[in-house]
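Okay, structure first, notes after.
The values are calculated or read from the model by the stated rules, or taken from the named source; none is laboratory data. Source: prediction; values computed, not measured. Counting neighbours? That spans all protein chains shown, and the Cβs are built from the backbone with ideal geometry, glycine included. The area values use the complete protein model at the heavy-atom level, side chains included, leaving out ligands, DNA and RNA. Shrake-Rupley method; radii C 1.70, N 1.55, O 1.52, S 1.80 Å.
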Amino acid sequence: MNHTYDDVRQFVIERGMPEDFADGDDLFAAGGLSSLIAMQIVTWVGRHFDIPVRADDLRLANFRSVESICAFVESRMSEPGVAVTGAR
């Protein structure tokens, strides 16, 4: 597991997700996390990884699981013109 996965997992666990979930599990299914937490995740991802989160990125598919969040972060970091400073 890499630091991105570790950081994302820790963040969602601190927001109420049980520790025994799989990285591919839907964070919002069956009341796992709320829409308020979804907005906290979006804000945290942008700030923590120092990447832009644009309006067209605000799709549940980008933030539904630890895997999808990490894929979003990695895709954003690989874009030309995005200064990669890493996690804060």
Computed from these coordinates, which is Cα extents along the principal axes in Å: (i) 79, 26, 26; (ii) 38, 27, 18; (iii) 43, 33, 17?
-> (ii)
Give the accessible area for Glu19 in Å² (nearest 10); use a 1.4 Å probe, count only protein heavy atoms, and leave out ligands, DNA and RNA.
-> 140 Å²
0 to 90° range, to nearest 10: angle between helix 66-77 axis and the chain longest Cα axis = 10 degrees
Okay, helix-only estimate at 222 nm for the chain: each DSSP H run of n ≥ 4 adds -39500 (n - 2.57), divide by all residues, round to 500 deg cm²/dmol; what do you get?
-> -14000 deg cm²/dmol
Cα-centre dipole for the range 1-55 with unit charges at Cβ (Lys and Arg positive, Asp and Glu negative), debye to 20 | 320 debye
